[in-house]
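Remarks on the structure that follows.
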Amino acid sequence: MNRSTPQGRDGDITTRASGHDAKHDGETPARSGALGAFSYKTSVEANKMIVELQGEVDVAATAELRDLLRDALAQATDVVVDLAAVGFIDSSGIGALIAANAYTEENGSTLALRGLSAPAKRVIQILGLEQTLTIRT
């Protein structure tokens, strides 16, 4: 899989879906998962790695999401995952977020969620994870 990552400067952007580099003009080719498309964009803002997830975060996207979060945490001590454009997230997607959060607790880095879409917020509330995961408004 071809990995393209930010260079660590504010404003650097990487957009990927299904392991293929995407154009930086807003067109993001999406991989079809079990329930729909999944894609993401990464950027660096104020020394934080921003990971914007889009589409359906289902079992078909989980391995890629785990790799994405692991790579982001290897590059930055502060990672923010934006869920505003997530139309669906299942337990495997939540599991990837919990695993990344556990990693940060063991390694002195931080992971925060922001921009929770209604579906993401509902799943996090149902599972009672508001106190486990850092959620920024």
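Which count do you get for residues in the stretch 104-137 that are among the hydroxyl-bearing types (S, T, Y), in contact (Cβ under 8 Å) with a residue 24 or more places away in the chain and more than 14 Å from T77 (Cα to Cα)? Please lay out each step first, then the result.
Residues of the stretch 104-137 that are among the hydroxyl-bearing types (S, T, Y), as a first pass: 104, 109-110, 117, 132, 134, 137.
Filter once more, keeping what is in contact (Cβ under 8 Å) with a residue 24 or more places away in the chain: 104, 109-110, 117, 132, 134.
Right, trim to more than 14 Å from T77 (Cα to Cα) and you get 117, 132, 134.
Adding up the residues that qualify gives 3.
Out of all the residues in the stretch 83-103, which are over 12 Å from V57 (Cβ atoms) and either open to solvent by less than 60 Å² (accessible area, probe 1.4 Å) or outside any strand (DSSP E or B) (or both)?
I98, A99, A100, N101, A102, Y103
Results for (1) modelled with pLDDT of 95 or more; (2) within 16 Å of the chain's Cα centre (by Cα), shown as yes or no for each residue.
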| residue | (1), (2) |
| --- | --- |
| M1 | no, no |
| G8 | no, no |
| I13 | no, yes |
| L35 | no, no |
| V44 | no, yes |
| Q54 | yes, yes |
| T77 | no, yes |
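Return the residues of the stretch 104-137 that are of a type in the set (A, V, I, L, M), surrounded by 13 or more Cβ atoms within 10 Å (Cβ to Cβ) and in a helix (DSSP H, G or I); say none if nothing qualifies.
Residues satisfying the conditions are A120, V123, I124.
Among the numbered criteria (1) assigned to a helix (DSSP H, G or I); (2) of a type in the set (A, V, I, L, M, F, W, C); (3) out of contact with any strand residue (DSSP E or B) (no Cβ under 6 Å at 6 or more places or on another chain); (4) touching a residue at least 12 places away in the same chain (Cβ under 8 Å), which one does A74 miss?
(4)
The values are calculated or read from the model by the stated rules, or taken from the named source; none is laboratory data. The structure presented is a predicted model; accordingly, all values stated were derived computationally and were not measured. So basically every Cβ, Gly included, is an ideal-geometry build from the backbone, and we count neighbours across all protein chains shown. Surface areas here come from the heavy atoms of the whole protein model, side chains and all, with no ligands, DNA or RNA. Shrake-Rupley method; radii C 1.70, N 1.55, O 1.52, S 1.80 Å.
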